[in-house]
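Worksheet: one structure, shown below.
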Amino acid sequence: MNKVYFNNPQRLTQLIGANISVIVAGRRTGKTDSIAAPFVLRNMQRMPGSTGGIVVPTFKHGLTNTLPGLFAAWKRWGYIRGVHYVIGRKPPKTFAKPIIEPAEYEHVISFYNGSCAVIISQDRPGSSNSLTLSWLLIDEAKFIDYNRLKEETLPANGGIKSHFGKHSCNHSILILSDMPQTQKGSWFLHYKDKMDTEVIRGIEGLVYDIWKLKERMKSIKASGKDVPKAMVYQLRHKDKQLNQLRSVATYYKEYSSIENLQLLGENYIRQMKRDLTPLTFQTSILCQRIGIAKDGFYSSMREKHKYDASNFEYLDEIAQSFYGDENCSMVNVQCSMLISNGEAGSCFAESNLALGLSFHA
């Protein structure tokens with residue numbers, strides 16, 4: 001089994017598994033790689049056939065930042081593009097069907113078990129209209145227009161209760177950003193006031209109790225004895241309690257880039273202090289609240305003064321090139337072989353074990 005390294009922010013976010021998680025962290029703390037990627041993977045696995053949304057400020061940002069980070073992490077964990085998932089095209093017939101099939105697959109990630117993730121870009125008005133979503137990933141939240149998010153996307157996160165109502169990850173939201181410098185970009189900071197620390201402590205206690213109980217059961221099995229039924233019932237009861245707490249929990253945390261010092265090294269922090277302005281270093285690296293500027297540098301700027309003219313035709317061409325990286329002919333052969341031979345399930349299970357993640361309901 002290959003061990004996977006997670007730093008404290010990454011590990012705690014996964015273990016807490018709150019229904020709403022807001023992580024404000026400095027650059028290079030691994031927000032996309034090891035917080036967003038496990039979040040999306042967990043939801044797609046725990047809710048087969050569901051549809052989620054990946055919200056990005058611009059389509060360009062999604063193609064150059066968010067998606068490559070997700071795919072790179074999944075590849076390291078054994079989930080291969082073109083075998084376990086496809087993007088930007090109709091999935092192979094060997095894949096399970098989603099509960100609500102997308103009208104088109106142009107900007108959709110399709111998983112082997114029927115789960116989908118729709119890329120929702122705020123520079124394309126109405127890109128979340130008529131969607132029924134079971135989870136949301138909101139990346140680079142300080143650049144997200146909250147009014148548009150509130151009006152267009154959040155109402156779509158209603159999920160399908162008849163299928164996934166028992167899961168704590170149904171309707172879940174993960175918000176990621178570094179520290180904002182403007183009032184408009186700070187819309188997500190109020191989640192700190194919504195976090196119930198007693199609920200979070202309860203989750204932490206249950207996670208530890210479950211781990212301790214599983215270790216005892218493992219030890220009993222290793223000695224050649226049968227695990228007592230009372231212990232099995234106790235584990236089920238604690239799992240149920242954990243699921244209930246997670247389903248109502250809001251988790252908010254702020255971290256500086258120093259949390260990832262073991263991978264970044266001290267030279268990176270010194271270089272950023274030298275190269276960045278003091279304000280940017282304080283917010284983007286140290287994740288400090290320095291007092292939010294009321295309206296930023298241009299205090300009189302309003303929406304009517306801005307000009308938005310993305311060349312969507314060009315971006316679509318880039319997207320098709322990006323989506324088309326996989327070898328389609330090889331994909332169908334590999335996928336068919338895996339699923340027909342019953343090897344796909346074991347491959348996915350091994351990936352979960354390698355991650356060291358416990359995807360409780």
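Among LYS229, LYS253, LYS221, a tally of other beta-carbon atoms within 10 Å of each Cβ gives an order, fewest to most, of LYS229, LYS221, LYS253.
Taking Cβ atoms as reference points and 12 Å as the exclusive limit, the residues near TRP187 contribute a net charge of +3, counting Lys and Arg as +1 and Asp and Glu as -1. Between the residues ILE173, CYS116, PRO92, the greatest Cα displacement towards the positive end of the dipole of the stretch 79-218, with unit charges on the Cβ of Lys, Arg, Asp and Glu, is found for PRO92. Arranged from fewest to most other beta-carbon atoms within 10 Å of their beta carbon, THR280, THR153 become THR280, THR153. Measuring max minus min along each principal axis, the C-alpha atoms of the stretch 16-135 give extents of 41, 35, 27 Å (largest first).
Nearest 20 debye, what's the magnitude of the dipole of the stretch 198-247 about its Cα centre given +1 on Lys and Arg Cβ and -1 on Asp and Glu Cβ? Magnitude of the dipole: close to 220 debye. The Cβ shell under 14 Å around LYS238 holds other residues with a net charge of +2, Lys and Arg each +1, Asp and Glu each -1.
If a spin label sat at a point 7 angstrom from the Cα of TYR146 along the line to its beta carbon, the backbone N atoms of the stretch 107-131 nearer than 19 Å would be those of 122-123.
Debye-formula intensities of the stretch 198-247, expressed as log10 I(q)/I(0) at q = 0.19, 0.31 Å⁻¹, are -0.62, -1.12 (one equal scatterer per alpha-carbon, no solvent). Counting neighbouring beta carbons within 10 Å and listing from fewest to most, the residues GLU259, GLU101 come out as GLU101, GLU259.
Where a number appears in this text, it was derived from the coordinates with a stated rule and is not lab data. Since we're looking at a predicted model, the values are computed, not measured. Positions of Cβ are generated from backbone atoms using ideal geometry, with glycine treated the same way; all protein chains shown enter the neighbour counts.
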